[in-house]
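To start, the structure itself, in structure tokens.
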Amino acid sequence: MTQRSAMPPARPRCLARLAPLAMVGLLAVTSSGSVLAHGDVVPQPVDTSGLEKLGDKWRDSNPYRGNPRAIEIGASAFNQNCARCHGLGAVSGGIAPDLRYLEKGDAGDEWFKERVTNGSIRNGVTYMPKFGDALGQEALWAIRSWLETVHEE
């Protein structure tokens with residue numbers, strides 16, 4: 001019969017030295033997502049079938065306000081492109097503005113249009129990429145239409 005020791009086998013010294021390096025590497029990998037959270041976003045295409053084409057020149061106010069098809073498209077487009085920062089249902093967890101409180105009507109349209117077309121960069125850091133060219137105004141005005149359905153005061 002073989003007798004077993006109550007003590008675990010000693011770890012080789014090289015493993016003891018690697019443990020702190022492994023922790024640093026794990027920390028770097030898990031935290032890198034937050035560093036790139038706003039600057040490395042790939043817009044997902046949005047199917048705007050069923051919406052009136054708006055052309056190249058951006059409208060100053062939302063032409064789809066109250067349009068049921070635009071609201072449906074906007075809900076899906078928001079989840080695909082905006083929710084990762086602005087939260088599901090536009091309920092922000094603090095990373096980006098809570099868009100439920102975006103002003104309704106033309107005043108909110110002005111801010112929305114400026115932000116989606118120009119993005120937001122502070123001190124050289126991209127907080128929100130430009131989505132205007134990537135998604136087009138049909139998709140973005142559809143998102144705005146949906147946002148007005150979840151608006152809160």
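The values are calculated or read from the model by the stated rules, or taken from the named source; none is laboratory data. Values in this document were obtained by computation on a predicted structure and should not be read as measured data. For neighbour counting, all protein chains shown are included, and Cβ atoms are generated from backbone atoms with ideal geometry for every residue, glycine included. The area values use the complete protein model at the heavy-atom level, side chains included, leaving out ligands, DNA and RNA. Shrake-Rupley method; radii C 1.70, N 1.55, O 1.52, S 1.80 Å.
Residues of segment 62-82 that are small (Gly, Ala, Ser) and buried (at least 16 other Cβ atoms within 10 Å of the Cβ): Ala70, Gly74, Ala75, Ser76, Ala77. Taken across segment 91-102, residues that are open to solvent by 80 Å² or more (accessible area, probe 1.4 Å) and touching a helix residue (DSSP H, G or I) at 6+ places or on another chain (Cβ under 6 Å) do occur, with at least one present.
Restricting the first member to segment 43-60 and to residues that are closer than 17 Å to Trp146 by Cβ, and the second to residues that are open to solvent by 40 Å² or more (accessible area, probe 1.4 Å) and part of a loop (DSSP other than H, G, I, E, B), the beta-carbon pairs closer than 8 Å and six or more apart or on different chains are Leu51/Asn67; Glu52/Pro63; Leu54/Pro63. All of Gly136, Gly87 fail the test of being within 22 Å of Val42 (Cα to Cα), more than 15 Å from the chain's Cα centre (by Cα) and not polar (S, T, N, Q), apart from Gly136.
Residues in segment 124-139 that are touching a residue at least 60 places away in the same chain (Cβ under 8 Å) and either under 20 Å from Leu51 (Cβ atoms) or open to solvent by less than 20 Å² (accessible area, probe 1.4 Å) (or both): Phe131, Gly132, Ala134, Leu135, Gly136, Gln137, Glu138, Ala139.
Scanning segment 105-123 for residues that are out of contact with any strand residue (DSSP E or B) (no Cβ under 6 Å at 6 or more places or on another chain), more than 19 Å from Asn79 (Cα to Cα) and surrounded by 14 or more Cβ atoms within 10 Å (Cβ to Cβ) yields Gly108, Asp109, Ile121.
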